[in-house]
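The values are calculated or read from the model by the stated rules, or taken from the named source; none is laboratory data. Source: prediction; values computed, not measured. Here the Cβ is made from the backbone with ideal geometry for all residues, glycine too, and neighbour counts use every protein chain on show. Each accessible area value is taken on the protein alone, full model and side chains, heavy atoms only, with ligands, DNA and RNA left out. Shrake-Rupley method; radii C 1.70, N 1.55, O 1.52, S 1.80 Å.
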Amino acid sequence: MGKYHTIQSSKGEKCLICEQNKLEGIHLFQSFICLECEREIINTKTNDPKYQYFVYQMAKARILQERRQA
């Protein structure tokens, strides 16, 4: 896997998927995805009901990015 960013704040950063503050993860379109959610996304089959939830949550990253650019 790629390089993970460790958040320097003691509170961490809010994950786009689980919406909890976490210390380690990646940034996607300037949105943070924690290490645990990234691993779960990678290991989830497309026919699993959780997959649609992940797609919905990640779509928020694109919407937030578009808002930032406007």
(message) If I model a spin label at GLU66 and GLU19 as a point 7 Å from the Cα along the Cα→Cβ vector, what separation in nanometres do I get?
(response) 2.1
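Rounded to the nearest percent, how much of the accessible area of the chain (1.4 Å probe, protein heavy atoms only) is carbon and sulfur? Provide the component values of the computation, followed by the final result.
Numbers: 2680 of 5220 Å².
Roughly 51 percent, rounded to a whole number.
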(request) Work out how much length VAL55 to GLU40 would gain on full extension: take 0.36 nm times their residue separation and subtract the Cα-Cα distance, in nm to one decimal. (result) 4.2 nm
(request) Would you grab the residues whose amide H sits under 5 Å from the one on LEU28? Only those 5+ places off in sequence or on another chain, please, with H modelled 1.01 Å from N. (result) ILE33
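Rounded to the nearest whole Å², what accessible area per residue is found for the chain with the 1.4 Å probe?
Working: 5220 Å² over 70 residues.
Accessible area per residue: 75 Å².
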(message) For the chain, what does the relative contact order come out to in percent, with C-alpha contacts under 8 Å and a separation of six or more?
(response) 24
(request) Quick one: Debye curve from the alpha-carbon atoms of the chain only, equal weights, vacuum; give me log10 I(q)/I(0) at q = 0.12, 0.14, 0.18, 0.25 Å⁻¹ to two decimals. (result) -0.32, -0.43, -0.70, -1.14
